[in-house]
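Accompanying notes for the structure given below.
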Amino acid sequence: STSGCRAWTMVRVNDPRRDPASIKADVLPFCAPAGSATASSARVVVASCSSAGLVADAALSLTTCHRLAADLAGFTHIFVDEAGQATVPETLIPMRLVSARTQVLLAGDPRQLGPVVHSAVAAAGGGVHYGRAGSGGGG
């Protein structure tokens, strides 16, 4: 191991309200609470957007400064997979862990999963219609 580098470890942070019995047996050994020494020293932390907030809260508990908390968390990269399926506020939660040295990647394949429509009006077809103004479409 190289001096100053953390050991190659991976941890999954779950919502503490989640029933451990609902977690697959092969995943359970990798799970740890957000504020635990295991999570704090892991090289890779896997979390949902909302559970990333628990990681940020744990870092913030060590200081009152949000910028210092992000530095303490020490993330060099944040990947948000299926970002197109998340709402904008959900994708902002992990951004609490961004420091000056963090790179962020929002990823998602719009052809893999369809769009999520949160508005009943839009889902019924009464939402915004996209097109070119003056294109001769009805309405």
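Each value in this text was obtained by applying a stated rule to the coordinates, not by laboratory testing. In this text, all values refer to a predicted model and were calculated from it rather than measured experimentally. Note that each Cβ is placed from the backbone with ideal geometry, even for glycine, and that neighbours are counted across all protein chains shown.
Maximal additional length on extending the ASP26-ALA123 stretch stands at 31.1 nm, based on 0.36 nm per residue less the C-alpha distance.
Which residues' amide hydrogens lie under 5 Å from the amide hydrogen of CYS31, considering only partners 5 or more residues apart or on another chain, with H built in the peptide plane? Under 5 Å from the amide H of CYS31 lie the amide H atoms of ARG12, each far enough along the sequence or on another chain. The stretch between ASP57 and ARG111, if pulled fully straight at 0.36 nm per residue, gains 16.0 nm over its current Cα-Cα span.
Quick one: if the Förster radius is 22 Å, what FRET efficiency do ARG43 and THR87 give, using the C-beta to C-beta distance and rounding to 0.05?
That gives a FRET efficiency of 0.15.
Can you compute log10 of I(q)/I(0) for region 19-65 with the Debye formula, treating each Cα as one identical point scatterer, at q = 0.17, 0.25, 0.30, 0.33 Å⁻¹? For region 19-65, the Cα-only Debye profile gives -0.54, -1.01, -1.23, -1.28.
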